[in-house]
Each structure stands twice: as C-alpha cells, then as structure tokens.
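Below: one structure, written as structure tokens.
The values are calculated or read from the model by the stated rules, or taken from the named source; none is laboratory data. Given the structure is predicted, the values throughout are model-derived calculations rather than measurements. As a convention, Cβ positions derive from the backbone with ideal geometry for all residues, glycine included, and neighbour counts pool all protein chains shown.
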Amino acid sequence: MDEFLDYLWIKILMIIKYITAFLDALFSPLNAVGPGFAIFVIVCITFAMARFFSRYKTKRLIRLEKEFIHWYNLRQEAMKCEDYEKGKLLAKNVDQAKLNRVYYDYFFERFMVTLLTKYLPIFSMLAYVNEAYKPDNLLKMIGKTYIYKFGKYHGKPIEAGAVFVFFVAYLIVSSGWFVLKFIYSRLRPAKAA
C-alpha cells in the first residue's frame, strides 16, 4: 500500500510540475510589463474561472434543495396549525423524521460544491503565484525581492510580496465586479410585467 501511495504521490507531483510549467509559459510574456500586472491578470482569470465554475450545481444538490424546500414548507404548514401545541409537535415530528437529515445533506453538498468550484481555483492560483513570484524568482526577474514598496514603518520600508498583491488584486477585482453589476442593474431598463 505504501508503494502505491508513493507512486501516486510522484504522479501527482509530476502533474503539478507540468501545470506549473504551462502556467509559467502562459504568463511569462506578462512579466515583461511587471509582476504586479501579471498577478493582476492572473487574478482576473482566476476570478472569471471561479465565477464560471460556481454556476455548476450537481444533480444531487438540486435534488436535495428541492427536498429541503418541500420538508421546510411542510414544517411551516404544521406551525400554522390553529392549536399551537399540536403544530409544535407536528413540526417537531417533521424535524425528527426528515428535515434535519435533509438539511445536513443539503448543507454538506453545498459546502463541498462551493469548495470545489469557488475556493479550489482561488487557492490553486494563489499557490502558483506564491511559488512563481517568491523572492528568489523576483530577484532574478526584476532585481528586487518585493513587488511594491510603500511608506516606512519604524524606519523600514514596507515591502509587498506576491501573496499580498494577489489578495489586494482579488479584492479590487471582486469589488469592481460588484460595482459593475450594480451599475448594470441600475442602467438596464425594467422589464414589463
């Protein structure tokens, strides 16, 4: 079993190296403009990928969502009973019979889908940026171990590395997307009912 896991791990590392080499070749022309710009483009692509993948819903998630809504509505109907105590007991029976289990399954499925479709691309690209723009590589590329340098704190300049630039760029891109969506919703003509 240990030999199999070692073999599997070596194959995974080889795949990661091939992906890293591909991304290096893909983004190397952007490094001529500067690593800050390259990271911003990487963040834009990552944000677009995460938005695209987050639209995906598994069949199980759709089924669990419908089932949860059904049992939740049934519980709400039970609570509307004229006799409050009877309604409370009916709602408790619905909770114990099905709703708690369906809610747990629905929550777990949504969590896993969100993790795989939204956060995995972000953290994967963050790991790539951290490796590709580490201080040693930045020193070879631009002659500095940092991307940006800000004011001073206790007499020392504040140096921003790749991970900080990635997070700031992601914050800017996601805020810009929110603002563009808001402006588009205001400018779009209202649909006639």
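For this structure, a couple of remarks:
- Every listed requirement among (1) of a type in the set (Phe, Trp, Tyr); (2) touching a residue at least 40 places away in the same chain (Cβ under 8 Å); (3) exposed (fewer than 12 other Cβ atoms within 10 Å of the Cβ) is met by Phe47 save one, (3).
- Total residues in the stretch 143-167 satisfying the condition of being hydroxyl-bearing (Ser, Thr, Tyr), in a strand (DSSP E or B) and surrounded by 11 or more Cβ atoms within 10 Å (Cβ to Cβ): the figure is 1.
- Checklist (1) at pLDDT below 90; (2) hydrophobic (A, V, I, L, M, F, W, C); (3) surrounded by 14 or more Cβ atoms within 10 Å (Cβ to Cβ) applied to Ala38, failing item: (1)
- Positions within the stretch 109-142 being surrounded by 13 or more Cβ atoms within 10 Å (Cβ to Cβ) and among the basic types (Lys, Arg), in sequence order: Arg110, Lys118, Lys134
- Count of residues meeting criterion [in contact (Cβ under 8 Å) with a residue 40 or more places away in the chain and either surrounded by fewer than 13 Cβ atoms within 10 Å (Cβ to Cβ) or not basic (Lys, Arg) (or both)] in the stretch 56-84: 5
- From the options Tyr170, Tyr106, residue that is buried (at least 17 other Cβ atoms within 10 Å of the Cβ), more than 17 Å from the chain's Cα centre (by Cα), assigned to a helix (DSSP H, G or I) and modelled with pLDDT of 85 or more: Tyr106
- Taken together, the residues in the stretch 6-15 that are closer than 26 Å to Pro121 by Cβ and at pLDDT below 90 amount to 0.
- Which numbered condition Leu116 misses (of (1) farther than 30 Å from Thr58 by Cα; (2) within 23 Å of the chain's Cα centre (by Cα)): (1)
- Of all residues in the stretch 115-170, those being in contact with an Asp or Glu (Cβ under 6 Å, 6 or more places away or on another chain) and under 16 Å from Ala38 (Cβ atoms) number 1.
- Cβ-Cβ distances below 6 Å connect no pair with a first residue in the stretch 1-21 that is among the aromatic types (Phe, Trp, Tyr), a second residue that is modelled with pLDDT of 90 or more and exposed (fewer than 10 other Cβ atoms within 10 Å of the Cβ), and a separation of six or more residues or different chains.
- Hey, Val113 aliphatic (A, V, I, L, M), at pLDDT 85 or above and part of a helix (DSSP H, G or I) or not: yes
- Positions within the stretch 46-93 being within 21 Å of Phe111 (Cβ to Cβ) and basic (Lys, Arg), in sequence order: Arg51, Arg55, Lys57, Lys59, Arg60, Arg63, Lys66
- Within the stretch 56-94, being touching a helix residue (DSSP H, G or I) at 6+ places or on another chain (Cβ under 8 Å) and outside any helix (DSSP H, G or I) holds for Tyr56, Lys57, Thr58, Lys80, Cys81.
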